[in-house]
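Q: Here it is, the structure, as structure tokens.
Each value in this text was obtained by applying a stated rule to the coordinates, not by laboratory testing. Computed from a prediction, not measured in an experiment: that's the story for all the values here. Note: ideal-geometry Cβ built from the backbone for every residue, glycine included; neighbour counts use all protein chains shown.
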Amino acid sequence: MNARKETAVYTHGHHESVLRSHRWRTAANSAAYLTGELRPGMSVLDVGCGPGTITADLAELVAPGGRVTAVDASGEVVAQARAYLAERGTGGVEFATADVHALAFPDASFDVVHAHQVLQHVGDPVQALREMRRVCRPGGTVAVRDADYAAMIWYPAAPGLDTWLDLYRRVARANGGEPDAGRRLRAWAREAGFTDVRSSASAWCYATAEEAAWWSSLWADRTTASAYADTAVGGGHTTPAELSDIAGAWRAWGADPDAWFSVLHGEVLCRV
Ligand SMILES: C[S@@+](CC[C@H](N)C(=O)[O-])C[C@H]1O[C@@H](n2cnc3c(N)ncnc32)[C@H](O)[C@@H]1O
């Protein structure tokens, strides 16, 4: 096992406005490229599980007889995921705190190793993929999906959202991550030693008045109240006044009846 540790800072943190976005996620809207591979009885490792909504869906897709191990670098969010699955009544899931760069599992422990929107935040995504491959059994699948911030598009145009995107990408890189990860997944997987890599892309789209209001208000809140705001200001990238203007731009955009936003993701299914 490689003992290398995380060097990046998780840009978003786990403020309520961040978890509001994560808790909307399902296997259907965030892991559809993988679900066709899942069968009852399989063992799955969900890396960077966050609050656990995708984890619960994966557990239900490999039941009966399957098991899911869910890990995250944040012990706080692991506790929230454990509580969520207990409340939902989803069994067959074990939890642990772990860094994807150095996983404490023997070689070839899982049929499927999955990470959703995790590699964009880590210090060494190629090492993360090597470690995910190590703990996956020969013939198994490593499945990774990440957003690509530079590929996000929206309508109507809003200069405040252009400022938001430029600032977010600078802060995420200063924190050691790669916000335009989606387009790089295939290259990272090949560099990690995978030779059988199936690449695809899929998008989230927020187009109804309700979806635009939800998406814009969570980004307005994230911009001013989450760990992102602290690192953006603390790192000298912006000021509280500019963040307040960006939050206002998000709210104004979200109230526009024509508001439409799409988040492109890259995906890879890597055969071990
Ligand atoms: C954007 S969230 C995604 C959560 C979940 N997969 C989802 O899509 O709902 C990224 C998660 O990765 C976790 N994370 C960041 N760096 C990590 C690392 N080095 N090892 C394991 N987890 C990490 C964060 O704590 C966070 O919960």
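Q: Eigenvalues of the Cα gyration tensor times 5, then square-rooted: what semi-axes does that give for the chain, in whole angstrom, largest first?
A: 31, 20, 18
Q: To check you understand DSSP bridge types, tell me what percent of the beta bridges within the chain (both residues inside) are antiparallel, rounded to 5.
A: 50 percent
Q: If R₀ is 25 angstrom, what is the calculated FRET efficiency for the pair residue 202 and residue 230, using the beta carbon separation as r and rounding to 0.05?
A: It comes out at approximately 0.20.
Q: Run the paramagnetic zone check for residue 151: 7 angstrom along Cα to Cβ, then residues of the stretch 181-222 with backbone nitrogen under 12 Å.
A: 181-187, 199-204
Q: To continue, here is another question. When the scattering of the stretch 125-179 is computed by the Debye formula from its Cα atoms alone, each counted once and equally, what is log10 I(q)/I(0) at q = 0.17, 0.26, 0.27 Å⁻¹?
A: Log-scaled intensity ratios, in q order: -0.70, -1.05, -1.09.
Q: Can you give me the distance in nm between label points at residue 191 and residue 79, each placed 7 Å from the Cα along the Cα-to-Cβ direction?
A: Result for the modelled spin labels: 3.6 nm.
Q: Another question, then. Helix 209-225 versus the longest principal axis of the chain: what angle, 0 to 90°, nearest 10, using Cα atoms?
A: For 209-225 against the chain, the angle is about 90 degrees.
Q: Hey, another quick one. Report, in whole Å, the centroid distance computed from the Cα atoms of the stretch 113-138 and the stretch 84-105.
A: 16 Å
Q: Distance between the C-alpha centers of the stretch 198-272 and the stretch 5-72? Whole Å please.
A: 20 Å
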